[in-house]
Amino acid sequence: MYLIYGIQKSGLSIVNFFENKKIKFKMWDDDPSVRKTIKKNYNKDYFFNNKKDNLNDFEKIFISPGISLRQKKFQRKNISKKVNRDLNLYISNLSNQKILAITGTNGKSTTTKLIGDILKKNNIKTFVGGNIGEPLCNSFILKKKHKVHVIELSSFQLETVKSLDSKISVITNLSGDHLDRYKSINDYINQKKNIISNNGINLLSIDDIYSRKLFNQKKIKNKISFSLVDKSADCFANDDYILDNYFKKGRKLFLKKISKDLEGHFNIQNILIAYICIKVLKISETNFLKVIKTFKGLPFRSTSIFTNNKLKIINNSKSTNLNSTINSVVNYNNIYLILGGIAKEKNFEILLKYKNKISCVYTYGKSGSFIEKKLKKELVVKKSTDLKSVIKKIFKDIKKNSNQSTILFAPACASYDQYKNFEQRGMHFNKLIKNYIN
């Protein structure tokens, strides 16, 4: 019998998969409210009984990516060998699908959706999911049969696999993230490395120090480098064109029209990765160019929610680390920057490199005071308890401006002190803004 530990999105997909396959299992969630909701829809015999059941009783334990494997109960020798994520179950049930697996610190969700949209535009039956959209195991119980799977994988999902035999594996970029869950950045990167394919093609950035070191490892075979700064890379791109030195040396593909949802230099990397994937899969460039013109992005990822000649408002609630925030900051001027939540990193001083772009910083939440101390010597910083108070202060401050102001919500922190997730945080920001722009 199997145990499913954590019964929210990915856990429920395993529940449904096991029910569909008539596999015996029990399930558990540490949150009483989640258990109460789930019990309305499932037989009570499915539930782990704290008085009768023991973790040792189960052949395998499938633990939600949101739960740390560093908990003592999962570290015990007789238990740790039973521990799995949903990715393990997914891998063991694959048949003939081509897998395009994507991970990285930033940009992986947009890249995943963009590649999926291009494949669908070419009438290829494509499953898009994993860490975004549909959970991995839903790919086996959906009525449609998919030839290609484009999957986003988090470091947490990759923790329990040694390698992934995908057609294409992508690491978008690497920088400090989830360091509240890992011993060090090297520990975090070692989990990301598990995506590397032994038999497929590996796409790796050479623009950050960690990715470049990874690309230079001799044991990684069949690799293609990509860059936004180094024209000697196998594939290079800037805001105007892609330079292909791999598939046809020295060829330039000009990017004449790009969707507003792919604006910003950081999105050029997403476009470049998609280009390399279609070349590997031998797909026509025609639909690639059509999709990047019309692409509809995922919400709360540097989304422009309001623009006029006096004000621009950007919602990047997905920004849960400093690198993501910086990728937004470099695109704007006269910025009223909102930071806050639970900080995963300590080096907020790195934002001082961009102080000429930032008019004021507004902090809130659990790490608000910590961030304020890091920045207040060189920037104007105003601290609040919550997002509502921040928005009120900003709109009072920008009334004085004659030039266009940019309100940038790019928190650089996790959301869990005040919100369930970054989506809920993003929705609340939009709701608060509506009170001032309608």
Checklist entry - When you go through Ile118, Ile132, Ile91, Ile99 one by one, which is the residue that is touching a strand residue (DSSP E or B) at 6+ places or on another chain (Cβ under 6 Å) and not in a loop (DSSP other than H, G, I, E, B)? => result Ile99
Item to check | Ser169 being assigned to a strand (DSSP E or B) and either in contact with a Gly (Cβ under 8 Å, 6 or more places away or on another chain) or of a type outside the set (Lys, Arg) (or both) | outcome: yes
Checklist entry - Within the bounds of the range 393-401, is there any residue that is assigned by TED's automatic domain parsing to the domain that holds Lys346, modelled with pLDDT of 95 or more and within 21 Å of Ala343 (Cβ to Cβ)? => result yes
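If I filter the range 283-291 for residues that are among the small types (Gly, Ala, Ser), in a strand (DSSP E or B), surrounded by fewer than 17 Cβ atoms within 10 Å (Cβ to Cβ) and on the phi < 0 side of the Ramachandran plot, do I get at least one hit? Steps first, answer last, please.
From the range 283-291, those among the small types (Gly, Ala, Ser) are 284; that's our starting set.
With the extra rule that they be in a strand (DSSP E or B), the set shrinks to none.
Within the range 283-291, none of the residues are among the small types (Gly, Ala, Ser), in a strand (DSSP E or B), surrounded by fewer than 17 Cβ atoms within 10 Å (Cβ to Cβ) and on the phi < 0 side of the Ramachandran plot.
Can you tell me how many residues in the range 1-27 are touching a residue at least 40 places away in the same chain (Cβ under 8 Å) and closer than 20 Å to Glu134 by Cβ?
Step one: of the range 1-27, the residues touching a residue at least 40 places away in the same chain (Cβ under 8 Å) are 1-14, 16-17, 20.
Still in the list and also closer than 20 Å to Glu134 by Cβ: 4, 6-14, 16-17, 20.
So the answer is 13.
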Next on the checklist: Looking at the range 338-379 only, could you name the residues that are in contact with a helix residue (DSSP H, G or I) (Cβ under 7 Å, 6 or more places away or on another chain) and closer than 13 Å to Val390 by Cα?
Outcome noted: Ile338, Leu339, Gly340, Cys360, Val361, Tyr362, Thr363, Tyr364
Checklist entry - Just wondering, is there one or more residues in the range 269-280 that are surrounded by fewer than 13 Cβ atoms within 10 Å (Cβ to Cβ) and either within 20 Å of Asn327 (Cβ to Cβ) or at pLDDT below 95 (or both)? => result no
Item to check | Among residues of the range 346-366, those that are more than 18 Å from Lys312 (Cα to Cα) and aliphatic (A, V, I, L, M), counted | outcome: 3
Checklist outcome for this item: Per the filter on the range 373-420, residues free of Cβ contacts under 8 Å to residues at least 12 places away in the same chain, over 28 Å from the mean Cα position of the chain (by Cα) and in a loop (DSSP other than H, G, I, E, B) are Lys376, Lys377, Ser402
Next on the checklist: Looking at Leu253, Leu262, can you tell me which residue is buried (at least 19 other Cβ atoms within 10 Å of the Cβ) and in the same structural domain as Gly116 (by TED's automatic domain parsing)?
Outcome noted: Leu262
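The values are calculated or read from the model by the stated rules, or taken from the named source; none is laboratory data. Keep in mind the model is a prediction, meaning the values are calculated, not measured. For neighbour counting, all protein chains shown are included, and Cβ atoms are generated from backbone atoms with ideal geometry for every residue, glycine included.
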